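S.K.: Take a look at this one; I'll ask things after.
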Ligand SMILES: C[S@@+](CC[C@H](N)C(=O)[O-])C[C@H]1O[C@@H](n2cnc3c(N)ncnc32)[C@H](O)[C@@H]1O
């Protein structure tokens, strides 16, 4: 049998070397219960280099690995015939089929194609989605059915998760790391966005990650760590701690999404102190500044209207947060996350900030709105 398989593998290597390999499929698993159902192979151009993308299709998720020719042949040697019985090589002008019977007899057929095929070296963006609801953790987190379909009441949440993943991808992609990306997600809650971040970084961007979800509620931490374990996820862990008491050893990215009131300030302060290259927060419930404004007795027309007063407090709180980040050398921007929430983003730069001008801008704002202190300024 190995003679037939060797001939087949040499045909694959030849097609790859002559750049005539269009695609390849490995199907019919030897073990009917194998979680790996099939493999789809196609050539891709990555940084001007032709590689072969293997999409490993598991029951509930896809995993993509890119190989050069030698790695591809090594991978096929491992897989055929021990894992798959049918392998088809499609080249520009022929189909080469390798069939292995249940008894282990290998046969080989070649069929010329009528019309020359073309290769598509584009990365198939559709296939490697940012977030794949078929991944088993989404079911365990309660967002999908066992079959990987998003449940009706979680459609909205899933859209929010997907939008977040899109934004975070654009923020993280330009960053440079030495091997491992260290991330703390402060006030991680039920973990939806933390898992989305992990999935995006490991499965789409192929980064090595160390993601800590910091959460004060022990019940959530226990439950989420169980899901991480049963899903076999590496580089993700929930830690039971308050944001204030958590001291990261290394920190590249600080995330704080919907951490209430001054918990966002605690998180930003941690990020600044640890020198995080990127700070991403979605502030919510801006009570501290609202109460300061109410106490000040400053009456402008806006303070007569509850909703407008609330929005004013949001804008002042977050503007001062942005200014404080700038004071510490971050370039800031704000982005719409949901119709209700804004993402406040700080990216560390080498440019020295104009501290005098920034301090003056903060003082002016505080004076105008009768604010004695902004919590973030105070803790820093
Ligand atoms: C509104 S949830 C947000 C969860 C998640 N980040 C999200 O956006 O889906 C806020 C979470 O932060 C946690 N939390 C609030 N204050 C905290 C603190 N000081 N330290 C750690 N966790 C905190 C709460 O227990 C809660 O689970």
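The values are calculated or read from the model by the stated rules, or taken from the named source; none is laboratory data. The model shown is predicted, which means the values in this text are computed figures rather than measured ones. So basically every Cβ, Gly included, is an ideal-geometry build from the backbone, and we count neighbours across all protein chains shown.
S.K.: Just checking, which of 206, 182 is away from the ligand (no atom under 13 Å from the Cβ) and part of a strand (DSSP E or B)?
M.R.: 182
S.K.: Residues being closer than 19 Å to residue 220 by Cβ and either in a helix (DSSP H, G or I) or assigned by TED's automatic domain parsing to the domain that holds residue 58 (or both): count how many of those fall in the range 137-163.
M.R.: 8
S.K.: Let me ask something additional. Against the condition within 16 Å of the ligand (Cβ to nearest atom), surrounded by fewer than 19 Cβ atoms within 10 Å (Cβ to Cβ) and under 26 Å from residue 283 (Cβ atoms), how does residue 173 come out, does it pass?
M.R.: No, not satisfied.
S.K.: Considering only the range 222-244, state which residues are within 10 Å of the ligand (Cβ to nearest atom) and not in a loop (DSSP other than H, G, I, E, B).
M.R.: Selection gives 239, 240.
S.K.: Now for a separate question. For the subset of the range 251-273 comprising residues that are part of a helix (DSSP H, G or I) and away from the ligand (no atom under 13 Å from the Cβ), which member is farthest from the chain's Cα centre (by Cα)?
M.R.: Top of the filtered list is 273.
S.K.: Determine, yes or no, whether residue 221 is buried (at least 18 other Cβ atoms within 10 Å of the Cβ) and free of Cβ contacts under 8 Å to residues at least 24 places away in the same chain.
M.R.: So residue 221 passes the test.
S.K.: Can you confirm whether residue 282 is farther than 20 Å from residue 366 by Cα, near the ligand (Cβ under 8 Å from one of its atoms) and in contact (Cβ under 8 Å) with a residue 12 or more places away in the chain?
M.R.: The answer is yes for residue 282.
S.K.: Taking the residues in the range 185-203 that are part of a loop (DSSP other than H, G, I, E, B) and surrounded by fewer than 22 Cβ atoms within 10 Å (Cβ to Cβ) as candidates, determine which candidate is nearest to the ligand (Cβ to nearest atom).
M.R.: Here the answer is 189.
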